[in-house]
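Bear in mind these aren't lab numbers, they're just calculated from the coordinates by the rules spelled out. Since we're looking at a predicted model, the values are computed, not measured. Don't worry about glycine lacking a Cβ; one is built from the backbone with ideal geometry, like all the others, and counts go over all protein chains shown.
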Amino acid sequence: MSSDYEFRKFPENFKWGVSTAAYQIEGAVHEDGRGQSIWDTFSHAPGNTARGDNGDVATDHYHRFREDVALIRGLGVGSYRFSVAWPRIQPEGHGPANLRGLDFYQRLVDELLGAGVEPWLTLYHWDLPQALEERGGWRSRDTAERFADYAALVHDALSDRVTWWTTLNEPYCSAFLGLATGEHAPGAREGHGALAAAHHLMVGHGLAVQAMRAQRRGEEKFGITLNLSDVRPASADPADRSAAERLDLLQNRAFTDPILGGTWPSLERQVWSEISDFGFRAPDDLALIRQPLDFLGVNFYCPSYTKFAPTAEPDPEFRSAADIDAQNVPPAELPRTAMGWPVEPSALTRLLCRLKDEYRELPPIYITENGAAFRDVIDSTGAVLDPERIEFIDAHVGETQDAMAKGVDVRGYFCWSLLDNFEWSYGYAKRFGLVYVDYDDLRRIPKASYYWYRDMMRAHRPDAP
Ligand code: IFM
């Protein structure tokens, strides 16, 4: 194991893990009573995903989960973060649990526990039942209430075996990529609707935490995962500085201020008053959203360098909530991943330190996703060598330690992702896995980064030589 970062051991109870999400890996979309999700609808509509890819088969994890758990065990991580597909549990988004759907997750959890791996369960990683979308989806408060019912059903079935419960993964993407830019399902481009969705996602989070806590059985821990960015201005120009404040509102503060700070972001009325009166907010919502949390999941990929750039469509009636006259223009000298995302590991430390400085009652942090897509290929010996991914993870693990040394309470690191998988609108072309998936025969081939990650974790154990 080689590293440019100073080698320091992690505390004994530091959690190492890998992450996945249901729609990206499971496939089996018509099996065992699963209902349709917004991602089934969206990915089957022409033009929404690269090459028309969809999650119908994905990595076929639904049928190969035992093989995948063996890979997790071989990797030597203590924790596995996965998500439950809401439409498997409630095909129409309401009513009693579909027992065949629950059964899959029960078998998965039992397999993990049998392999000595702790399950880390996320309730919502973007696959809303289509039936709820047809009744307004996250634009409607009813969806938040349905989400709490669903959370209670899953918690009731699995809390005897699952300690770590995450309500939402990246509500920013659900609200703003789903309903403002339209890059994600359900593919809308709205102003008020996207803001209402952001709000109802947070209300759903609050209601779900309350519902699960009320039926708590033991030591369960409740939290949320946010994808946050280190947002900075591209220059000292005041126009770029205020553009960065708007992007920071959209990507970070719209969620961190209410959930962690118990306030509405100060800039929101100025930025969004033309498109919304915020009439979807009820008087006690802030208290509901700001539930005491046992942990905060942070997903981090890259920084944002912000430049003032006026939006082409100035008419408020057609303005989406993501039209904020700001553009992300990373410095040309930063290396890029296959997603085109800039690589700047020190941005992770800046972000973590900022969270610590800004939110007084910050819960312990777990990095619940970090990783990168590169152009991986199987070489003539049958191996997949991915030195850039190793360098990327190594640097971010090193920055995680720096943040800890600066006083940020970080307690775990999960790599995204265990397997190559369906990368949403990019389809299967972007590979984030530690394990390569050959989509012709669904063979799994651990990449060089898989073995490196395993050895790196071992070397960081307090009892390692
Ligand atoms: O694949 C996604 C994941 O579903 C959510 N976080 C970011 C990853 C990479 O884009």
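Here are some notes:
- Set of aspartates and glutamates with alpha-carbon distance to K15 below 14 Å, sequence-local pairs under 8 removed: E118, E369, D409
- Highest to lowest packing among 406-412, 120-126, 377-383, 304-310, scored as the average C-beta count within 10 Å: 120-126, 304-310, 406-412, 377-383
- Positive minus negative residues near A194 (Lys, Arg vs Asp, Glu; Cβ under 11 Å): +1
- Overall form of segment 235-294 per C-alpha gyration tensor (a/c, 1.5; a/b vs b/c): oblate
- For segment 399-443: rounded, prolate or oblate by the Cα gyration tensor [a/c cutoff 1.5]: prolate
- The packing ranking of peptides 316-327, 93-104, highest mean first, is 316-327, 93-104, where packing means the average number of other beta carbon atoms within 10 angstrom of each residue.
- Rounded Å value of the spacing that divides the Cα centres of segment 81-113 and segment 262-281: 36 Å
- Using the rule -39500 (n - 2.57) for each DSSP H run of four or more residues, divided by the residues of the chain, the 222 nm mean residue ellipticity is -10500 deg cm²/dmol.
- The chain: C-alpha gyration tensor shape, a/c 1.5 cut-off, then a/b vs b/c: rounded
- Most simply put, the chain has about 20% antiparallel DSSP beta bridges, counting only bridges with both residues inside it.
- Remark: C415, C173 ranked as C173, C415, counting other beta-carbon atoms within 10 Å and listing the fewest first.
- Sorted fewest first by neighbouring Cβ atoms within 10 angstrom, S276, S417 come out as S276, S417.
- Cα convex hull volume per residue for segment 1-157 (Å³): 167 Å³
- Taking Cβ atoms as reference points and 10 Å as the exclusive limit, the residues near N252 contribute a net charge of -2, counting Lys and Arg as +1 and Asp and Glu as -1.
- Count Lys and Arg as plus one, Asp and Glu as minus one, and take only other residues whose Cβ is under 15 Å from that of Y426; the net charge is then 0.
- Mean Cβ count within 10 Å, highest first, over the residues of peptides 45-51, 194-200: 194-200, 45-51
- Percentage of interatomic Cα-Cα distances in segment 312-465 larger than 20 Å: 61 percent
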